[in-house]
Amino acid sequence: MKKLISLIIVTAMMAFSNVTVFAAENKDLNIQIEEFQEFVTECESYYIYYDYMQPPIGPFWSELSMERMTEAVDVARKTAINSEEELAKAKTDFNHIVSTMTLEKEELEFMVSLFEKEKNDNNYYDEETWNGFQSVLAYGKQALQSEDEELMYHSYIKMRNTFNNICKYNTEYADFNGDGVLNITDITLAQKYLVNSVEFNYSQCTIAQFNYCDFLRIDDLTNLQKYIVGNGEKMKTKHLDNVLSLQDLDISTRKFIPEMENSNYIYYVERNNYFDNLYL
């Protein structure tokens with residue numbers, strides 16, 4: 001009798017153990033499903049509603065991509081997932097849509113116009129840098145003519161990185177003539193800029209952003225003069241440190257972080273002006 005009772009207890013414990021393991025496995029799967037659905041919701045917010053519910057920071061996704069994403073979100077939410085295999089398939093199908101998001105043609109047109117505005121007066125940029133800049137511009141124009149979504153997307157990324165890099169061409173504080181030294185020549189050039197007798201290139205504009213979003217002013221020239229003669233402190237060119245590259249971004253996710261979009265002050269201002277004029 002004791003043996004029978006022991007056998008029943010052992011059997012019950014084994015059964016309970018199996019139920020516990022099964023419940024744990026289900027719990028893990030449920031957590032994975034919940035995380036996947038959270039990702040779907042995040043994508044819905046970012047790709048479908050982002051451009052319409054917030055100021056247009058950019059870039060705009062193409063209408064076809066938005067339609068694909070809308071359908072993918074709907075399918076992901078309605079699909080019953082009861083196993084890890086079904087979850088894996090749902091993830092694969094949804095991620096394929098995310099990885100093929102493309103931009104509106106106007107975004108690349110803006111980048112091309114941005115590149116075309118840049119000048120290399122007095123050979124400010126070295127030959128290698130300037131030739132590389134022009135090569136990327138030609139690549140962007142070719143992508144526009146092809147109207148190939150994938151080519152346009154990748155050329156946009158390449159142009160964004162190249163633009164950010166040229167903004168960082170000169171990292172010397174207030175060295176507006178690019179000779180590597182801060183002196184009275186830079187003050188003279190800055191004075192000419194303030195009275196609109198010369199234009200600054202993107203690198204010069206980047207190092208002319210002092211303190212917090214304040215562009216070059218008369219007061220700044222006074223401080224620069226004091227600094228040159230040793231009677232003033234070096235001002236911080238805030239935005240130079242914030243010109244980030246998209247090269248570390250996994251472009252297969254097709255996701256642009258708003259902070260990264262806003263990091264380059266020159267890009268941000270130029271883009272707003274371009275689209276404001278475009279939709280007038």
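Every number in this text was worked out from the coordinates using simple rules, so none of it is lab data. Not measured: the values here are computed from a predicted model. Ideal geometry is used to build each Cβ from the backbone, glycine not excepted, and the neighbour counts take in all protein chains shown.
A full extension of the chain between VAL195 and THR79 corresponds to an added length of 35.4 nm, given 0.36 nm per residue minus the alpha carbon distance.
Separation of the alpha carbons by more than 27 angstrom is noted, of LYS89/LYS255; LYS91/LYS255; LYS117/LYS192; LYS158/LYS255; LYS89/LYS141; LYS91/LYS141, for LYS89/LYS141; LYS91/LYS141. If you plug the beta carbon distance of GLU38 and SER146 into 1/(1 + (r/R0)^6) with R0 = 35 Å, you get a FRET efficiency near 0.40. Between ASN95 and ASN161, what FRET efficiency follows from the Cβ-Cβ distance if R0 is 22 Å, with the result rounded to 0.05? My answer for the efficiency is 0.40. Ranked by the mean number of other Cβ atoms within 10 Å of their residues, highest first, the peptides 73-85, 160-172, 263-275 come out as 160-172, 263-275, 73-85. Loop-located GluC sites (Glu not before Pro) in segment 87-157 (DSSP state not H, G, I, E or B) with no more than 10 neighbouring Cβ atoms inside 10 Å: GLU147.
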